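Colleague: Below is one structure. I have some questions about it.
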Amino acid sequence: MKILETERLILRKFSCDDWKDLYEYLSQETVVKYEPYEVYSKDACKKEAIYRSQQDAFWAVCLKENNKLIGNIYFQEQEPEEFLTWEIGYVFNPIYYGQGYATEACREILDYGFEQLNARRIVAMCNPENVASWKLLERLNMRREGHLRKNIFFKCDEKREPIWNDTYEYAVLAHELTKSIH
Ligand SMILES: CC(C)(COP(=O)(O)OP(=O)(O)OC[C@H]1O[C@@H](n2cnc3c(N)ncnc32)[C@H](O)[C@@H]1OP(=O)(O)O)[C@@H](O)C(=O)NCCC(=O)NCCS
């Protein structure tokens with residue numbers, strides 16, 4: 001995995017030592033609210049950092065000024081490979097919200113996907129209630145292509161009944177996004 005650099009950020013592979021920074025945000029209910037998992041314990045973060053350090057799909061997003069890991073991006077090729085389609089996802093530490101870091105990091109990954117990995121189409125999915133998430137996708141010039149109704153559940157209510165969620169599907173094609181329009 002390469003190391004990518006933006007004006008304020010370094011995007012790199014995870015290392016086992018990243019578990020503390022991961023714990024800082026994955027331990028928060030508000031951060032995992034729309035994710036397909038519950039809050040992480042310290043032990044779970046230690047395992048997760050090891051797991052991610054062995055994967056190419058997870059990018060650790062760090063501040064250039066002090067190497068602090070402030071979030072992560074998931075970027076994975078979809079099956080079948082011939083479709084040249086990749087999915088992007090992201091989770092950041094709330095301390096660093098509202099400063100454009102997620103936009104800056106995701107934009108770099110989109111460029112990397114199109115320019116270096118030969119991606120043809122990049123997609124993202126989010127819950128319509130997760131306004132910060134779809135606003136980010138729109139800042140990235142991704143297009144809302146679908147609104148799926150009650151298609152998925154990640155969590156159950158107190159009666160252990162599924163909580164069904166809608167999904168917005170976003171996408172952008174290679175020729176639609178070039179560095180010149182950023
Ligand atoms: C989704 C998530 C990454 C978005 O974070 P964010 O802080 O809103 O996004 P950015 O870092 O790009 O910051 C954008 C905000 O900073 C502002 N901003 C400040 N400087 C900026 C700059 N240089 N460039 C772009 N935006 C800037 C923008 O105006 C925007 O503010 P607004 O929300 O009031 O319009 C964050 O909410 C998160 O991690 N949520 C929890 C995990 C999650 O739900 N993930 C998605 C699952 S689908």
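Colleague: Taking the range 83-98 as the region of interest, how many residues are near the ligand (Cβ under 10 Å from one of its atoms) and in contact with a strand residue (DSSP E or B) (Cβ under 6 Å, 6 or more places away or on another chain)?
Modeller: Looking only at that region, the number is 7.
Colleague: Please pick out the residue among 124, 132, 105, 119 that is aliphatic (A, V, I, L, M) and surrounded by fewer than 19 Cβ atoms within 10 Å (Cβ to Cβ).
Modeller: From the options 124, 132, 105, 119, the qualifying one is 132.
Colleague: Same structure again: Look at the range 54-79 and say how many of its residues are over 16 Å from the mean Cα position of the chain (by Cα) and either of a type in the set (Gly, Ala, Ser) or farther than 24 Å from residue 104 by Cα (or both).
Modeller: So the count comes out to 2.
Colleague: Please pick out the residue among 82, 87, 38, 48 that is within 17 Å of the chain's Cα centre (by Cα), in a helix (DSSP H, G or I) and either of a type in the set (Asp, Glu) or surrounded by 12 or more Cβ atoms within 10 Å (Cβ to Cβ) (or both).
Modeller: Within the list 82, 87, 38, 48, the selection yields 48.
Colleague: Quick one: residue 93 ticks every box in (1) among the polar types (S, T, N, Q); (2) over 23 Å from residue 126 (Cβ atoms); (3) in contact (Cβ under 8 Å) with a residue 60 or more places away in the chain bar one, so which box is it?
Modeller: It is condition (2) that residue 93 fails.
Colleague: Going by what's in this entry, would residue 19 be described as crowded, with 20+ Cβ neighbours inside 10 Å and touching a residue at least 40 places away in the same chain (Cβ under 8 Å)?
Modeller: no
Colleague: How many residues, within the range 123-139, are near the ligand (Cβ under 9 Å from one of its atoms) and part of a loop (DSSP other than H, G, I, E, B)?
Modeller: The total comes to 2.
Colleague: For residue 35, indicate whether it is within 13 Å of the ligand (Cβ to nearest atom) and at pLDDT 95 or above.
Modeller: Against the criterion (within 13 Å of the ligand (Cβ to nearest atom) and at pLDDT 95 or above), residue 35 does not qualify.
Colleague: Right, another one. Among 23, 112, which is farther than 23 Å from residue 139 by Cβ and part of a helix (DSSP H, G or I)?
Modeller: Among 23, 112, only 23 is farther than 23 Å from residue 139 by Cβ and part of a helix (DSSP H, G or I).
The values are calculated or read from the model by the stated rules, or taken from the named source; none is laboratory data. Computed from a prediction, not measured in an experiment: that's the story for all the values here. Counting neighbours? That spans all protein chains shown, and the Cβs are built from the backbone with ideal geometry, glycine included.
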